[in-house]
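**Q** Got a structure for you, questions after.
Just so you know, all these numbers are worked out from the coordinates, no wet-lab data involved. Given the structure is predicted, the values throughout are model-derived calculations rather than measurements. Cβ placement follows ideal geometry from the backbone for every residue including glycine, while neighbour counts extend to all protein chains displayed.
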Amino acid sequence: MTDTIAAIATAVSNAGISIIRVSGSDAVQIVDEIFVTKGGKHILNHVASHTIHYGFIQEQDEMIDEVMVSVMKAPKSYTAEDVVEINCHGGVLVTNKILKTVLAHGARIAEPGEFTKRAFLNGRIDLTKAEAIMDLIEAKSDYALKASENQLQGKIYDEVVKLRKKVIYEIAFIESAIDDPEHISLDGYTERLMQVVDAVLLEIEELIKNAENGKLIKEGIDTVIVGKPNAGKSSLLNRMLGEEKAIVTDIAGTTRDIIQESMKLGGISLNLIDTAGIHETDDVVEKIGVGKAKECIEKADLVVYVVDASVPLDESDQSIIEMLSGKKVIVLLNKSDMETVVYEQLMRDRIAECIGSDMDQCRIVSTSTKEKTGLKEFEEQIRDMFFTGEISFNDEVLITNARQERALVDAKEALCLVKQSLEDEMPEDFYSIDLMNAYASLGSIIGEEVEDDLVQEIFSKFCMGK
Amino acid sequence: MTEDIRDEVDVCVVGAGHAGCEAALACARLGLETVIFTVSVDSIALMPCNPNVGGSSKGHLVRELDALGGEMGKNIDKTFIQSKMLNVSKGPAVHSLRAQADKQNYSREMRKTLENTDHLTIKQAEVCEILADYDEASGQQIMKGVKIYNGGIYKCKAVVLCTGTYLNARCLCGESITYTGPNGLQAATHLTDSLKALGIEMQRFKTGTPARMDKRSIDFSKMEEQFGDERVVPFSFSTDPESVQIDQVSCWLTYTNEKTHEIIRNNLDRSPIYAGIIEGTGPRYCPSIEDKVVKFADKNRHQVFIEPEGLYTNEMYVGGMSSSLPEDVQIQMYRTVPGLEHCKIVRNAYAIEYDCIKPDQLYPSLAFKKFAGLYSGGQFNGSSGYEEAAVQGFVAGVNAARYVQKKEPVVIDRSQGYIGVLIDDLVTKENREPYRMMTSRSEYRLLLRQDNADLRLRKIGYEIGLITQEQYDYVVKKEELIQKEVTRLQNLKIGANKKTQEFLEKHNSASLKTGTYMSELMCRPELSYEILAELDEDRPVLPADVIEQVNINIKYDGYIKRQQKQVEQFKKIENKKIPSDIDYDDIGSLRLEARQKLTKYKPISVGQASRISGVSPADISVLLIYLETYYKNKQ
């Protein structure tokens, strides 16, 4: 039995949609008391897990909002407890009112990070995952929690493990010499240690440099927009950016030259790849060649293929479709405001012709960037793909987290102190102090050193509702 | 059947070696009626192996013990015949005091102290059984008393087991095996069964000792003479330094050679260890000469120290050459060493095997987890060495007394002393061999120096009740003086004037560009507080021990501060106590192995939990978060 907690899970603003998340043993019961279907029935106690329901939140016959309620029962939920999420129309007033109603029915307000803390305590996620989640939240991604699979792994981890090994080898050697001076001598050792320290320092500095880049990039879905010239790619882009008043960061000149813009669409961070070509010539394929386009598509987590639906498909489309094989794709049949000659079924047939049944389920949306139609659906599709895990954040791990970067800097400083001590010809029991500090700092990056304040810090950084 | 009750006391201490003596003295001095049992009153505080006290990191233990109110430091100060501060060419963290003892005198003085301590009774008898009642409510066995060989019962509230190497002991010298304790003393053959019957898990360890030789048969001209220090530093903070400036005897250094090693290699099949006769595990860090030859096959020589066993004996101890090879091989082997060509062996080298416990059955207070009122210390807990034994005996004794007095146990943590490191390692880590204290085992050794043991631990000793008001006041005063002088030096401006520059030049130190502070100058390796007296005419007159601290505190300020930071980190999770009623099966996300280990070890703090092998950092984060919720719900 756990007490039931509730909080607003989305940023409190007059956004289009807000979510109130409720978690705990009584989550379903509490929401059931205030949720009715169109027919006025209380049904939540009887619905299957992982279902979503349309209806109304009402309190003493007063209708508060029209909502969608999703029910996720333990243990297959974010917290591994019963979780109910109320998707309402948003607006500060209404959202708060719903939350208050939930609280009035027996939930208590969650502390910052408490949902994640419960997920952690219930064994749903480990600490590095929790931290990865925090990063994503800080990237202002509302649905980032779904991406908990994307944790710190791979390159950085291996790198840090390797460096730590080098450091601990030296520590162990020094310790053994302190214990057994008769058999292990430190004569001439300081030169060797100096070399090792220099080498490790060099690598740490490289990692710190990466961390600086990583902070700019943050994590997001690498998205490439492709299409023939004049298909409407850049107007789509401008529309998307304009519509959402999204965060647009110009990070040109960073090491990852293929990324130009980062934006938020329906709460999901997208890294738009190779928009430079789109801006300048409106024609990726022509400008940079098929080879480069292929490379971009290869790297992308999501491909948005913009088709001018007012003109027939031609050979260029053919070559684009061939590149889409095996990718997650949303096809936009653009210019739906004009007389269209390319419709959904035709598109599907053409795709099947080109690359077989590989993309039977590919998502196709009719849009008009001019009339601003279909964009909402496009957004829904992306959100849906993300929700269902069809697409997820890019795997390439960069150090995006300020704490990890701090730890690297700490390790670097400690090693500089080791060098200082060696230069000052201090005895081994002095420089081993700073070697140990460097080792511990590196360990905190990969979760090998657990410090109480770290655990507290990770959870305290979560905002309310996470 | 009526019980044959001989006496009713507070605490029974089993064994009168270095652990038992400290345990019994602590209990009696705290006012508890105490009986100490030994198989032979003549073997009280016996030194059956090396004739010295202290040495690298062990010296730290003795000074810490003294700061807390133990006896070993005082006793060696009364009976040493040579003393040396080791590693003075290295940093202050590894300086360590070692003194050669007159073994017989050491034993005699300790016995005298025991005999003249109120509330303490010495009893020569073998304890065969410990008596306990099972308590349904707590699930613990409650201590009732002990039974000696003739059936007599001593009722008591707490028992401290310090049986050393006597339990089911057997000594091995090649093919010759005798069922005795050290030095041919009677072994204790009954207690193990009683302990096993009560559910205590036992294991078998071994250790060894080298031969003793007739001084007259040794040619010292072929050896390097090793003198004691010109100015002797006493072990005890209570000993007047002037009283230890005595005439000292010498030790001697010689080396083994290829010929020695060849003889050993050729006879390895006759060594009980290599022949598989010894089942016990020996200490890796105190290896026999056979082990050294096998392990360091590329070394063509090993150090051999010839040390006197006392002033009134011709026996010399052959340090570094312990062995369990048969007598004939021993003679051949020793006679290859320069200076020992014609040596006559008085006592053979031998290995000894004995029963001890798996120390993971103990809390850091050295109380048995499954018992109320049962404590243990020394080699019985799986350690090796007199000093290691003494500090454990002390802690076990103090906590047994506190148990009787219904007080909270005293636990020294890893950041407070080597004692804390030693006990924490014993009860938290898996020890497969006799545990020997080593400098490297301590993470915070720059703070845990032998020179500041009083500053670190006197206060705890005072709170325990074994340090007098006067001794405590002295340390408080000392602390003040140090602080005051450090502050003064940090604020004392030194101008870049002619006098300063000339002084610096004279001492081969770089000249000043601008004015600085005295403390900055002290940090220069070539300068020190003493040297800088010339530039500091108004300095107050301070005792030598205060000056020593001022020097260290200023010279190594940066390092000390960084280490203090490490300790702060350590304390954060060390101070997170784990409630004794915690059920690890309730914590879903702990891995199975962690759950099992935590249930077995019952760590008292998250810090201790984090040091259990098999408990990962991820498990610790889970535990931390769980405890936070746990305590919040309790409020």
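**Q** How would you rank B:CYS156, B:CYS128, B:CYS523, going from fewest to most other Cβ atoms within 10 Å of each one's own Cβ?
**A** Ordered by Cβ neighbours within 10 Å, fewest first: B:CYS523, B:CYS128, B:CYS156.
**Q** Taking 29 Å as the cut-off for C-alpha to C-alpha distance, list the pairs among B:LYS90/B:LYS498; B:LYS84/B:LYS478; B:LYS459/B:LYS571; B:LYS157/B:LYS600; A:LYS38/A:LYS376; B:LYS155/B:LYS196 that go past it.
**A** B:LYS90/B:LYS498
**Q** Which of A:ALA27, A:ASN230, B:TYR584 sits farthest toward the positive end of the charge dipole of the protein assembly as shown, with +1 on the Cβ of Lys and Arg and -1 on the Cβ of Asp and Glu?
**A** In the protein assembly as shown, that residue is B:TYR584.
**Q** Can I ask one more? Just counting partner chain Cβ atoms within 10 Å, what average do the residues of peptide A:175-182 show around their Cβ?
**A** 5
**Q** Then there is this: Let me know the mean shielding of B:609-622 by other chains, meaning the per-residue number of their Cβ atoms within 10 Å of its Cβ.
**A** That average works out to 4.
**Q** When the Cα centres of the stretch B:119-171 and the stretch B:555-600 are compared, how far apart do they sit, in Å?
**A** The stretch B:119-171 and the stretch B:555-600 have Cα centres separated by 34 Å.
**Q** Let me ask you something else. Could you give the distance between the Cα centres of the stretch A:48-71 and the stretch B:92-116, to the whole Å?
**A** For the stretch A:48-71 versus the stretch B:92-116, the Cα centre distance is 81 Å.
**Q** Right, something else. With both bridge residues required to lie in the protein assembly as shown, what share of the DSSP beta bridges run antiparallel, to the nearest 5%?
**A** 65 percent
**Q** Can you give the charge dipole size of the stretch B:300-414 about its Cα centre, rounded to the nearest 20 debye, using +1 on the beta carbon of Lys and Arg and -1 on the beta carbon of Asp and Glu?
**A** 540 debye
**Q** Using Cβ counts within 10 Å as a stand-in for footprinting exposure, how do A:SER310, A:SER185 rank, fewest first?
**A** So the ranking, lowest neighbour count to highest, is A:SER185, A:SER310.
**Q** Distance from the Cα centre of the stretch B:37-79 to that of the stretch B:279-337, in angstrom?
**A** With the stretch B:37-79 and the stretch B:279-337 each reduced to a Cα centre, they are spaced 23 Å.
**Q** Taking the Cα centre of chain B as origin, sum charge times position over the Cβ atoms of Lys and Arg (+1) and Asp and Glu (-1), and report the length of that vector in debye to the nearest 20.
**A** Approximately 1360 debye in magnitude.
**Q** Moving on. Around B:GLU479, what is the net charge, scoring Lys/Arg as +1 and Asp/Glu as -1 over all other residues with Cβ under 10 Å from its Cβ?
**A** Local charge sum for B:GLU479: +3.
**Q** Per DSSP helix of 4 or more residues, -39500 (n - 2.57); summed, then divided by the residues of the protein assembly as shown. What does that give at 222 nm, rounded to the nearest 500?
**A** That comes out to -12500 deg cm²/dmol.
**Q** Another one. May I ask which residue of B:ILE423, B:PHE237, B:ASN497 lies farthest towards the positive end of the charge dipole of chain B, with charges of +1 (Lys, Arg) and -1 (Asp, Glu) on Cβ and the Cα centre as origin?
**A** B:ASN497
**Q** Charges only on Cβ, +1 for Lys and Arg, -1 for Asp and Glu: so what's the dipole of the stretch B:265-341 about the Cα centre, in debye to the nearest 20?
**A** 360 debye
**Q** Moving on to the next point. Longer than 31 Å from Cα to Cα, which of A:LYS327/A:LYS412; A:LYS412/B:LYS602; B:LYS78/B:LYS215; B:LYS506/B:LYS565; B:LYS58/B:LYS299 are they? Say none if no pair is.
**A** A:LYS327/A:LYS412; A:LYS412/B:LYS602; B:LYS506/B:LYS565, as the Cα separations exceed 31 Å there.
**Q** Continuing with this model, one more query. Which ordering of B:MET321, B:MET85, B:MET522 is given by a fewest-first count of other beta-carbon atoms within 10 Å?
**A** B:MET85, B:MET522, B:MET321
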